[in-house]
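Only one structure is covered here, and it is reproduced in the block below.
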Amino acid sequence: MAVKRQKAITWALGLAASVAILLWKPTVLIYGLQTAGLYAAIAIPMGLVLGIVHIVNLAHGEFMMLASYATYFACKALGMDPLFAIIPTALVTAAFGWIIFQITIRRALKAPELNQLILTFGLAIAFTQVINLMFTSQTYKMPLDYVSASMDIGDLTFGTWSFVFIAMAMLFSFGLQFFLTKTTTGKAALAVGQNPRGAAIVGIDVYKIYGLVFALALALVGAMGALFLTKSAIFPQVGSPFTMKSFCLVAMAGVGNIPGILSASILLGVAENFLRAFRGTRGWADIVFFVLIIVVIMSRSLKGRKS
Amino acid sequence: MNRSTSRIITMAAIAIMMVLPAFAGDYPLQVARNVMMYMALAITWDMLLRSGQISFGLAGLVGLGSYATILAVVRGGMPDWLSILFAGLFSGLVAFGIGFFILRLRHTYFSIVTLALGEIFRIIIHNLHDFTGGPEGIVIQQGVMFGGKSGPLYWLTLAGLGVALAASYWFEKSKFHFALTAIRNNEVSAKTSGVNIFRWLLATFVITSAIQGMIGGIFVQSYGFASPDSVFSADFTLLPMAMALLGGIHSTVGPILGGILLGLVSEWLKLQIPYGHLVVYGLMIIVVILFMPSGLLGIARKAGSRKSTDENQRRAV
C-alpha cells in the first residue's frame, strides 16, 4: 500500500514538473525527451547484458564508437546514407561483439567480478586507442540535410530529427519485451538470467545463450552507432560518457527493469537540458548523471536502513 | 625467495636509488622520476584493491591533487613544499566526503562511480574558469620547484614513492592487512567477525587518495603547469593499473616489479608511438587478466612451489 502511494506521488510530482516545464520553457522538455530517447536506446542493451550475462560491459559506449567509425568510412566509400547502414552495421557489430565475447569475456565469466571489470575496461581502452592510432583524435561528421529539419508550433521552433531516437528507444524496449517473453530463445535467456545453474539443469546451453544475448545487445548498439552518426560528430572518446551514463541509468532503474530505464533517462535528459537552457549553468549539464547516481545511492541506503 | 636474499635485493635497490642522481644525467633522472611516480600510484591502487574494490579514479585524484597544489601556490601564495602536503590533505578530505557516499556501494557500482570521478573533477575545473584557468590550464609564474634542477626533483619524487611504500608496508604488517583481506574474501563473514567494513574501507580510500593527490602535487610542482588534459590524462589510471596487474596484485612487491618493467617500457613506447601508446597497456591489461591473473609474481610463486615439491619428491624417493 505504502509502495503504491509512493509510486503515485512520484508520478504526480513528475507530471506536475513536466507540465510546469512545458508551460515555461517548452524546448527544454522537447529536447530533454529527445536526449532521453538517445540515452535510453543506448542504455537498454547494457541493461540486457547486465541482466542476463551478469557482466558490466565498460566497453559499451566504445563498441558504439567503433560502429560509428565503421559506418562513417563505409558510407564515405560507398557514398551511402548512414540510415541505410543501420541494419548492416548492426549485423557487423553483432558479429564483432560475438567474436570479442568468445575470445575474451567468456573466459572471464567464472573469474571474480573484479577481473571482468578490469577486462572490459582494458577492452574499452584498447578500442579507443586503436581508433586514436588509426584516425587520430580528429572529429568526423556526416553532412546531412534532413538532420536539421525543424518544426514550428506558434512561435516555437525546434529540431525534429532527434525524435527518431525516441522511436528507436521504444522499438528496442517493446522488441526486447516481446523477445524475452514470447519467443523460446528469449524465454531461455530470461531463465539463464534468473538462474544459470537451474537453466543448465533443464537443458539450456548457458554459454550459447550468453553469446547470443551479447551479440543481440551489440546489434542494438551497432544500430545506434549508425544512427548516432547522423546527428553527432565522432571522435575516439565519444563513447565513454555513454558507458557511464548508460550504467547510471541501468543502476537507477535496477537490474532487469527495461521500462525503468526509460523513465530514468527521461529524468536525466530533461534535467540536463534544463541546465543547458541557461548560459550560466550550461557547463554543468554533464555532471547531472553523477549527482543522480549519488542521490539514488543515498535514498536506497536510507531506505535499506529503515527496513 | 628466502628472507636474506630478499633483504639483499632491497638493500641493493635502495643503494642504487640513492647513488643514481650522483652519476646519471638529466634524461635518465627524468625517466626514473616518471617510473617512481607511476610506481607509487600503482602501489596505492593496489592497496585499495586488497579490499576487493577497484578504483578507476586514479587520474581523477591525481588531477585533483595537481590542481590543489597549483591553485594553492598561484592563488593562495602557499610555499612550494607546503602545497604538496596540502594536495595530499585536500585529496584526502575530498575522498572522505565522496567515500562517505560511494563506499556504501560495492564492487561494480563503486568502480563505475570512481570511473566517473575523473570526468566530474575535469568538468568542475573547466567550469570554474576564473579560478582554475579553465581548459587552457594554469602556470606557476615563479617557476618550477628547485628551479627545475633534476637532482632535488628526483629526491622529491623518491620521497613520494617512499610515502607510498611505507603506507603499503604498514598496510601489510598492521591490522589493515587482516581487515582488508577479510573484506575481500567474504564480507558477510568479515562482518560477523566484528570487522567494521565501512570504516576500514573509508580509511583505506582516504589514505590511498591522499597519497595519490600528493603524487599529483609532486607532478605539477616538477612541471610547473596544469591543464585538464595533462593532469586528468588517462595515463594516470591506465599505467599504474597495468603495472600492478603485470607484477601481481595484493602485494607491495608486485607493483614494484611491474612498475620497473612497464615504467621503462612506457618511456620507450612514448618515443616510439607518441599518440596511441596507451593501446599497448589496454591490450596488456586484457592479456594479463585472461592468462595470468596473479601476474608475474604469481607465476614466480607457482614455479617456486613446483620446484620445492619436486625436491620433496626426490627426497622421498
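Criterion applied to B:L153, B:L128 was being among the hydrophobic types (A, V, I, L, M, F, W, C) and either within 12 Å of chain A (Cβ to nearest Cβ) or surrounded by fewer than 16 Cβ atoms within 10 Å (Cβ to Cβ) (or both), and the one residue passing it is B:L128.
Taking first residues from segment A:276-300 that are touching a residue at least 60 places away in the same chain (Cβ under 8 Å) and partners that are part of a loop (DSSP other than H, G, I, E, B) and of a type outside the set (S, T, Y), the Cβ contacts under 7 Å between residues at least 6 apart in sequence or on separate chains come to A:A277/A:K25. A count restricted to segment A:107-131 and to residues that are within 10 Å of chain B (Cβ to nearest Cβ), in contact (Cβ under 8 Å) with a residue 12 or more places away in the chain and either among the hydrophobic types (A, V, I, L, M, F, W, C) or farther than 22 Å from B:M243 by Cα (or both) stands at 7. Could you say which residue among A:I166, A:I131, A:I100, A:I118 is at pLDDT below 90, surrounded by 16 or more Cβ atoms within 10 Å (Cβ to Cβ), of a type in the set (V, I, T) and in a helix (DSSP H, G or I)? Going through A:I166, A:I131, A:I100, A:I118 in turn, the sole match is A:I118. For segment A:252-261, a residue qualifies if it is part of a helix (DSSP H, G or I) and surrounded by fewer than 24 Cβ atoms within 10 Å (Cβ to Cβ), and the qualifying residues are A:M252, A:A253, A:I258, A:P259, A:G260.
Within segment A:223-246, can one find any residue that is away from chain B (no Cβ under 14 Å), among the aliphatic types (A, V, I, L, M) and not in a helix (DSSP H, G or I)? Show your work before the answer.
To start, the set of residues in segment A:223-246 that are away from chain B (no Cβ under 14 Å) comprises A:223-234.
Going one step further and asking which of them are among the aliphatic types (A, V, I, L, M), we end up with A:223-224, A:226-227, A:229, A:233-234.
Narrowing further to those that are not in a helix (DSSP H, G or I): A:233-234.
Checking segment A:223-246: at least one residue is away from chain B (no Cβ under 14 Å), among the aliphatic types (A, V, I, L, M) and not in a helix (DSSP H, G or I).
Which members of segment B:240-279 meet the condition of being within 11 Å of another protein chain (Cβ to nearest Cβ), part of a helix (DSSP H, G or I) and in contact with a helix residue (DSSP H, G or I) (Cβ under 6 Å, 6 or more places away or on another chain)? Residues satisfying the conditions are B:A242, B:A244, B:L245, B:L278, B:V279. Taken together, the criteria place B:F96 among residues that are in a helix (DSSP H, G or I), farther than 16 Å from B:G216 by Cα and more than 14 Å from chain A (Cβ to nearest Cβ).
Taking segment B:194-236 as the range and being in a helix (DSSP H, G or I), among the β-branched types (V, I, T) and away from chain A (no Cβ under 14 Å) as the test, the residues that pass are B:T204, B:V206, B:I207, B:T208, B:I211, B:I215, B:I218, B:V220, B:V231. Return yes when A:P45 is in contact with a His (Cβ under 8 Å, 6 or more places away or on another chain) and modelled with pLDDT of 90 or more and no when it is not. Here the answer is yes, as A:P45 does meet what is asked.
Kindly evaluate A:L176 against the criterion of being within 14 Å of chain B (Cβ to nearest Cβ), closer than 22 Å to A:F63 by Cα and part of a helix (DSSP H, G or I). Please lay out each step first, then the result.
On the way: within 14 Å of chain B (Cβ to nearest Cβ): no; closer than 22 Å to A:F63 by Cα: yes; part of a helix (DSSP H, G or I): yes.
So A:L176 fails the test.
For the structure I just gave you, tell me whether B:I70 is at the interface with chain A (Cβ under 9 Å from one of its Cβ atoms), at pLDDT 85 or above and under 16 Å from B:G216 (Cβ atoms). Can you show your working first?
Values: at the interface with chain A (Cβ under 9 Å from one of its Cβ atoms): no; at pLDDT 85 or above: yes; under 16 Å from B:G216 (Cβ atoms): yes.
No, not satisfied.
On the stretch given as segment B:150-176, residues that are of a type outside the set (A, V, I, L, M, F, W, C) and free of Cβ contacts under 8 Å to residues at least 40 places away in the same chain total 5. For segment B:47-62, the criterion of being touching a residue at least 24 places away in the same chain (Cβ under 8 Å) and more than 30 Å from B:A182 (Cα to Cα) is satisfied by no residue at all.
The condition (being out of contact with any Gly (no Cβ under 8 Å at 6 or more places or on another chain), small (G, A, S), within 30 Å of A:K141 (Cβ to Cβ) and surrounded by fewer than 23 Cβ atoms within 10 Å (Cβ to Cβ)) is satisfied by just one residue among A:A226, A:A271, A:A277: A:A277. Of all residues in segment A:47-86, exactly one satisfies the criterion of being under 21 Å from A:A264 (Cα atoms), more than 13 Å from chain B (Cβ to nearest Cβ) and of a type in the set (V, I, T), namely A:I52.
Applying the selection to segment B:30-66, what residues are among the β-branched types (V, I, T) and within 14 Å of chain A (Cβ to nearest Cβ)? First the steps, then the outcome.
Looking only at segment B:30-66, we keep the residues that are among the β-branched types (V, I, T), and these are B:31, B:35, B:43-44, B:54, B:62.
Within segment B:30-66, B:I54 is the sole residue that qualifies.
Selection within segment B:186-208: residues that are of a type in the set (S, T, N, Q) and in contact (Cβ under 8 Å) with a residue 12 or more places away in the chain. The member of this set that is nearest to B:G92 (Cα to Cα) is B:T208.
Among the numbered conditions (1) of a type in the set (G, A, S); (2) surrounded by 14 or more Cβ atoms within 10 Å (Cβ to Cβ); (3) facing chain B (nearest Cβ under 10 Å), the only one that A:S137 does not meet is (2). Determine, yes or no, whether B:I207 is surrounded by fewer than 22 Cβ atoms within 10 Å (Cβ to Cβ), among the aliphatic types (A, V, I, L, M) and under 13 Å from the mean Cα position of the chain (by Cα). For B:I207, the condition - surrounded by fewer than 22 Cβ atoms within 10 Å (Cβ to Cβ), among the aliphatic types (A, V, I, L, M) and under 13 Å from the mean Cα position of the chain (by Cα) - is met. Within segment B:173-201, if we keep just the residues that are loosely packed, with under 11 Cβ neighbours inside 10 Å and within 21 Å of the chain's Cα centre (by Cα), the residue that is nearest to B:L103 (Cα to Cα) turns out to be B:S174.
No other residue among A:I204, A:I153 is surrounded by fewer than 19 Cβ atoms within 10 Å (Cβ to Cβ), over 23 Å from A:I99 (Cα atoms) and away from chain B (no Cβ under 14 Å) apart from A:I153.
The values are calculated or read from the model by the stated rules, or taken from the named source; none is laboratory data. Values in this document were obtained by computation on a predicted structure and should not be read as measured data. For neighbour counting, all protein chains shown are included, and Cβ atoms are generated from backbone atoms with ideal geometry for every residue, glycine included.
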